[in-house]
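Just below is one structure, and these are the notes that go with it.
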Amino acid sequence: MFVAGNFLSALAAVVDMALTFYMWVLIIRAFLSWVNPDPYNPIVQFLYKVTEPVLYPVRRAIGGFGLGIDLSPLVVILVIIFLQQFLVATLRQAALRLH
């Protein structure tokens, strides 16, 4: 059972780091949208390629509420925080029970 507990503990750590990394990528992309970056910059292209598949469906689902502001990064960040608080915490608790 120690192996399963260690696996779940490691999985929780990796999921937490991946979610945190993605949240920072979203934050950077949101800041870049304020400064009108060069669309041919490889970093800007990477940020758009990594975030657009997640942001586009959220953007379509919530619309803009007529505000002219894209709230999809905020919604996705809130989902990430939820996943960190629920999923990662659940994995850590399951790992502790298996130790």
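Can you work out the FRET efficiency for the pair residue 56 and residue 87, with r the C-beta to C-beta distance and R0 = 30 Å, to the nearest 0.05? Efficiency at R0 = 30 Å is approximately 0.85. Rounded to the nearest 20, the Cβ-based charge dipole of region 29-99 about its Cα centre (Lys and Arg +1, Asp and Glu -1) stands at 300 debye. For chymotrypsin sites (Phe, Trp or Tyr not before Pro), the sites in the chain that DSSP calls loop and that have at most 11 other Cβ atoms within 10 Å are 40, 65. Our analysis of region 2-98 gives Rg over Rh at 1.11, with the two radii drawn from alpha carbon positions and Rh computed by the Kirkwood formula.
For the chain, the relative contact order is 56 percent, taking Cα pairs closer than 8 Å that sit 6 or more residues apart in sequence and dividing their mean separation by the residue count. The string of couplings for region 35-49 from the Karplus curve (6.51, -1.76, 1.60, θ = phi - 60°) is 10, 6, x, 5, x, 8, 5, x, 5, 5, 4, 4, 4, 5, 5 Hz, one whole number per residue in order, with x for Gly and Pro.
Every number here is computed from the coordinates shown, using simple stated rules; none is lab data. Just so it is clear, the structure is predicted and the values come from calculations on it, not from any experiment. FYI the Cβ positions are ideal-geometry reconstructions off the backbone, even for glycines, and counts take in every protein chain you see.
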